[in-house]
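Below is one structure, written out as structure tokens; comments come after it.
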Amino acid sequence: MIRIYHKYKPTIVRYTVIESMVEFTRRNLMEASMAAALGASVTGVATGDESDDPDTPLAPHVNGELKRFSSTARGAEVTGPFVFENGTLLYSLQHPSRDNPDPYNEAGIGYFSGFQFEFDGSNDDFDELSTPQTNAERETVRGANSDFTFLARAHEAINGGTEELGVVQTPDGDNITTTEFAGTQYGDAAYNPDCNQFVATDDARTEGFLFTNWENSPGNVSRVPINRTDEGEWEADLENAINLANTEPMRELGGTRINCYGDLSPWNTMLSSEENYAHPRISLAATVSDVLESGTGKGLRGAHEFWNRPNPSEIQSAVDDYYGDESWGVQGFWAMTGVEFLAYYLSADPVSQGSDGNTTRPITDVYPNPYRYGYHIDFREPTADPPQPVKYYVMGRAAWEAPDIQSDRKTVYGCSDGDNKGIYKFVADEPIDGYDDPMDLAGTLYAPMVTNEEAARELPPAKVDLEIEWLALGHATNREVEEWIAEYDYVTQEDYLESHAETNWEDDLETALEEADREVVDNGNRDYISDEEVVLWAEQWEDEGPEGVSPDLRRVPFLEMRAAAKEIGATIEFNKAEGVDSVEGAGPGDAVYFAISELNDDMSNEAGYEDVGEVQIDRVDGGVVYRAELERDFNVSRLEPVIVGPNASDPADVADDALINVDNVYVMDDGRVLCCEDADQFGRSYSNDCLYVYEPTENDIHGTDRGRRWDDDHPGRSPRLDGDHRGEDNGGFGNDGGRDEGDD
């Protein structure tokens, strides 16, 4: 992901009319805007004991062992780790500093030559890498016992010289960059490679296709043929590489935006996740009912409501101008960058940019439908020319970091990135790959509810297992959800003005735009799902259950998942749920890891946030990695903290060797976990992000034997449980249906 800190802090309680929701300054706006433009990086930390930090006991803390394997080049995140079958590690160099020496001044994908992880259970296959001490070490990618070797770099010529790696084109073949088109761009073109997955095409798994996400808008996934040589090195065939965004099947799908992390499916296909940060219709801890109760959305509206506004990324500065001291942070506004470019990708006629940056004339012909972005994409038939993509709309719309599909091929866990977001679950009626037509995929969408918030208030985060029940939001088919989405396909920027302004925009665009903005703030965007529909759905859900809502409201939780989940009391308070993964073929008794990059703001009890969220935990700026045990039905009901990061105030002797702001997590075959950073420097003596290897322990911090169990046949894997085990009774929120009647 590309990390952006939100700078706007709520000052009052969630369920009252909010008079002063946030603290906002123009300097904060500029910082967030600049971070969005550059693809800013943030945080990192490791182990310690209670005496290290008097503010948050047992922060940092590790239940097991954490070893640094790599430090990446200055300015870059560690993204997209992938471990080949022979143990070779690959990852992406995302948005490195342009001031680094060549070749570390350009984004790319590379592997660690001369090293392979060993999966024999010894776990001593590398010596821990030192922290970067010199400028030369900080300007390069370093790996333990190995050298980083580039396979491919952004902008290299591919596909017979007709394309540049990572760069999206219009239907006419023009590269979509700020030098070619007016408007805002989400990160420099091809500057943000992320997830990597390898689909082998031979039995030895030494040749195949490397799929890579490009975290931009329009989004992209590249496919590069690669093979391992007789000397054990990897090489890429760029001549035959392609950008999937530029293929006809992807254009027919509407393209993608902000392709972040993903996964390799159990049926061996690339899964790419859209991290659509612009989806919040309300900011931070607010609910849609707060808007209706207060009679206005002032202080509450999020970016989604301004999606089809002309020059949508300027809504924050406009709100600042309109409301002055009563302004607020429009959550996700910065992720509106690139929406106009997405329209050009879809063949819209380019419009002229005004001199003051906020007078772009509306796009009136072709405009992206907001409900088509924020999903998991499966590239079925990955070796076809070109692959055929399908979006899993039925799994919900969010700022997805990654999916984790379990070995039952029906249960999917996902993390939505950003502030006040959630972890979610989807359970298909039948194995996902078993449907002849993926549009027939049917299943139930779930949101989490933490049930032991009182314990969380009394104990430090390292000692609190979060107990989870799952609220069934609704059941649908992929085809049904796509049909609901299609009803909004023909909304354009012109509609924003004509639906919400009295002044004719062709006579006075500036006045019409302000009128429309103020109307949307007060009463919502009438071009899309309304506030009243969200609240009415929640009322019917409470009275009749998820299957008892009116047919015309069934769309609400699938298209407005975050707002719907918050409205019925789900725990949508996590700050930056960044990753989820489990060992390949995981089954009951095995672990699923959830990475929460920061545990602060509305889920914390810090000053200014008291009682904003329902779960109040001591602040952990460095984040937490939770572990959950799969139950017999592949449900999880308890999140156990296994890595707890530091506070921002911790000094270098703590922060230098700690995991800060975990991003992607990747579980290797022996159960060890790769933990990637997207880190603020905090108190560190260096600013580089690192990659750590986490080795679980048998005993957790409570002194009970609840960690991974080891056996000789499957080191790092736990044996399947045949008898009863913890968490089997999930109170009616399991995989076999929705909420039990009467369980309000």
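One table, with the values for the structure above:
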quantity	calculated
Neighbours by Cβ (under 9 Å, 6+ apart or cross-chain): first from region 74-96, under 16 Å from Cys675 (Cα atoms); second assigned to a loop (DSSP other than H, G, I, E, B) and basic (Lys, Arg)	Glu77/Arg3
Asp590 vs. criteria buried (at least 24 other Cβ atoms within 10 Å of the Cβ), over 22 Å from the mean Cα position of the chain (by Cα), within 22 Å of Asp663 (Cβ to Cβ) and not aromatic (Phe, Trp, Tyr)	no
Some residue of region 606-626 being of a type in the set (A, V, I, L, M), in contact with a strand residue (DSSP E or B) (Cβ under 7 Å, 6 or more places away or on another chain) and part of a loop (DSSP other than H, G, I, E, B)	yes
In region 636-660, the residues that are part of a loop (DSSP other than H, G, I, E, B) and crowded, with 24+ Cβ neighbours inside 10 Å	Val636, Gly645, Pro646, Asp650, Ala658, Leu659, Ile660
The lone exception for Gly622 - which of (1) farther than 24 Å from Ser70 by Cβ; (2) at pLDDT below 95 it fails	(1)
Positions within region 368-410 being more than 24 Å from Asp489 (Cα to Cα), within 13 Å of the chain's Cα centre (by Cα) and not charged (D, E, K, R), in sequence order	Ala402, Pro403
Filtered residues of region 198-249 (kept if part of a strand (DSSP E or B), among the small types (Gly, Ala, Ser) and farther than 25 Å from Pro171 by Cα)	Ala200, Gly208, Ala236
Hey, Glu233 in contact with a helix residue (DSSP H, G or I) (Cβ under 6 Å, 6 or more places away or on another chain) and over 25 Å from Asp378 (Cβ atoms) or not	no
Any chance Asp404 is touching a strand residue (DSSP E or B) at 6+ places or on another chain (Cβ under 8 Å) and outside any helix (DSSP H, G or I)	yes
Unique match (being among the aliphatic types (A, V, I, L, M) and closer than 19 Å to Tyr393 by Cα) among Val481, Val450, Val464	Val481
Scope region 132-142; condition buried (at least 18 other Cβ atoms within 10 Å of the Cβ) and either in contact with a helix residue (DSSP H, G or I) (Cβ under 9 Å, 6 or more places away or on another chain) or over 19 Å from Glu677 (Cα atoms) (or both); matching residues	Pro132
Set Thr269, Thr337: member being under 19 Å from the mean Cα position of the chain (by Cα) and under 29 Å from Pro386 (Cβ atoms)	Thr337
Residue match in region 272-282 (condition: crowded, with 20+ Cβ neighbours inside 10 Å, more than 30 Å from Asp404 (Cβ to Cβ) and of a type in the set (Lys, Arg))	no
Residue count, region 544-562 (criterion: over 25 Å from Gly262 (Cβ atoms) and in contact with a strand residue (DSSP E or B) (Cβ under 9 Å, 6 or more places away or on another chain))	7
Only one of Pro54, Pro96, Pro101 that is surrounded by fewer than 18 Cβ atoms within 10 Å (Cβ to Cβ) and either modelled with pLDDT under 95 or under 18 Å from Asn664 (Cα atoms) (or both)	Pro54
Filtered residue count, region 250-287, keeping only those that are part of a helix (DSSP H, G or I) and farther than 18 Å from Gln197 by Cβ	3
Candidate set from region 412-455 (those that are among the hydroxyl-bearing types (Ser, Thr, Tyr) and not in a strand (DSSP E or B)); member that is farthest from Glu614 (Cα to Cα)	Tyr435
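Yes or no, residue by residue, for (1) farther than 20 Å from Ile109 by Cβ; (2) of a type in the set (S, T, N, Q); (3) buried (at least 22 other Cβ atoms within 10 Å of the Cβ); (4) at pLDDT 95 or above:
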| position | (1), (2), (3), (4) |
| --- | --- |
| Trp234 | no, no, no, yes |
| Ile242 | no, no, yes, yes |
| Glu248 | yes, no, no, yes |
| Trp267 | yes, no, no, yes |
| Val288 | yes, no, yes, yes |
| Arg309 | yes, no, yes, yes |
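The values are calculated or read from the model by the stated rules, or taken from the named source; none is laboratory data. As the structure is a computational prediction, the values presented were derived from the model and not from experiment. Counting neighbours? That spans all protein chains shown, and the Cβs are built from the backbone with ideal geometry, glycine included.
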